[in-house]
């Protein structure tokens, strides 16, 4: 599973922040645009593209984009 | 005045409740039984429906496991129900998904249960003359889709808005038989409808504070409104929507 592609899919859920603002280490909560609605979008994106059900709690306990990616990979196994 | 005076009595009434295995449906079944009704309860989950059934007050109740979106299950249910004085449609699901991510499958999933199953079942019950003259039909709707909505709730809201439209048309169509049709529109109630985990407990806690009465509703607080609509106390009430929301839509 490729982290780079995940970062792109993650970034696509933001309307204003540019892709260049995102890396696996990005602390997504620090982004001005982050909201509970973005969290819902991330959950829906992971479900649609990766067919994995992550929860609001999974996002709450994550700090970086990579953290969410790791949770998703664990749930895939 | 007699000590037994109770304009909200359901004594002698046969009442069908869908979605009775949990949440609002379960509370409606339990409270209605305490008010004297004979219940016919249905739900998808065998164990939980059994639990509701065993908690019912009094005797003469029945239960049937059914997925209301399944044709065969619906046939079985229609052939098992007695002639009814009341029907409460409480089976429902929600899904928190941003509109950008909705799919035809998600739309069908929510609408099939929240709207189609209630509409089709009502039609089948009427066709089979299983709804008595002067009976009462109650749909559990929501504040969502009728008075307001919330992020990611577009399909759910649409399905509830559709229920309110259905209730109005149905109320008119059935008025010559004196069958009454109403909805109850609750704000958030403490049930596990958000059990699938898209919304966190922290978010729910924040949301509770947004209610002028400082909390979510209790299932029985919705059930009491349903009892009013099922009872003879509301004999002149049809096509109405009873709002029960701790003041949420005032703001």
Quiz item: For the range B:51-100, how many residues meet the condition of being closer than 18 Å to residue B:219 by Cβ, modelled with pLDDT of 95 or more and out of contact with any strand residue (DSSP E or B) (no Cβ under 7 Å at 6 or more places or on another chain)?
Solution: 4
Practice problem: Count, please, the residues in the range B:209-230 that happen to be out of contact with any strand residue (DSSP E or B) (no Cβ under 8 Å at 6 or more places or on another chain) and either within 14 Å of chain A (Cβ to nearest Cβ) or surrounded by 14 or more Cβ atoms within 10 Å (Cβ to Cβ) (or both). | Solution: 6
Quiz item: Could you count how many residues in the range B:53-80 are touching a helix residue (DSSP H, G or I) at 6+ places or on another chain (Cβ under 7 Å) and either within 14 Å of chain A (Cβ to nearest Cβ) or in a loop (DSSP other than H, G, I, E, B) (or both)?
Solution: 8
Self-check item: Single match in B:17, B:120 (criterion: crowded, with 24+ Cβ neighbours inside 10 Å and closer than 24 Å to residue B:135 by Cα)
Solution: B:17
Quiz item: Of the residues A:44, A:39, which single one is within 8 Å of chain B (Cβ to nearest Cβ), under 18 Å from residue A:14 (Cβ atoms) and touching a helix residue (DSSP H, G or I) at 6+ places or on another chain (Cβ under 6 Å)?
Solution: A:44
Self-check item: Filtered residue count, the range A:24-39, keeping only those that are surrounded by 16 or more Cβ atoms within 10 Å (Cβ to Cβ) and more than 23 Å from residue B:96 (Cα to Cα)
Solution: 2
Exercise. Assess whether residue B:199 counts as being surrounded by 13 or more Cβ atoms within 10 Å (Cβ to Cβ) and either assigned to a strand (DSSP E or B) or within 14 Å of chain A (Cβ to nearest Cβ) (or both).
Key: yes
Quiz item: Quick one: is residue A:32 over 12 Å from the mean Cα position of the chain (by Cα), free of Cβ contacts under 8 Å to residues at least 40 places away in the same chain, more than 14 Å from chain B (Cβ to nearest Cβ) and closer than 23 Å to residue B:206 by Cβ?
Solution: yes
Quiz item: In this structure, is residue A:75 surrounded by 14 or more Cβ atoms within 10 Å (Cβ to Cβ), within 14 Å of chain B (Cβ to nearest Cβ) and in a loop (DSSP other than H, G, I, E, B)?
Solution: no
Quiz item: Name the residues in the range A:53-63 that are more than 7 Å from chain B (Cβ to nearest Cβ) and either touching a strand residue (DSSP E or B) at 6+ places or on another chain (Cβ under 7 Å) or surrounded by 16 or more Cβ atoms within 10 Å (Cβ to Cβ) (or both), would you?
Solution: A:54, A:58, A:59, A:62, A:63
Quiz item: Can you tell me how many residues in the range B:146-167 are touching a helix residue (DSSP H, G or I) at 6+ places or on another chain (Cβ under 9 Å) and either surrounded by 23 or more Cβ atoms within 10 Å (Cβ to Cβ) or part of a helix (DSSP H, G or I) (or both)?
Solution: 10
Quiz item: What number of residues in the range A:3-20 are more than 13 Å from the chain's Cα centre (by Cα) and either surrounded by 14 or more Cβ atoms within 10 Å (Cβ to Cβ) or part of a loop (DSSP other than H, G, I, E, B) (or both)?
Solution: 4
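The values are calculated or read from the model by the stated rules, or taken from the named source; none is laboratory data. The shown structure was predicted, so the numbers you read here are calculated from the model rather than taken from an experiment. All Cβ positions, even for glycine, are placed from backbone atoms using ideal geometry, and neighbour counts span all protein chains on display.
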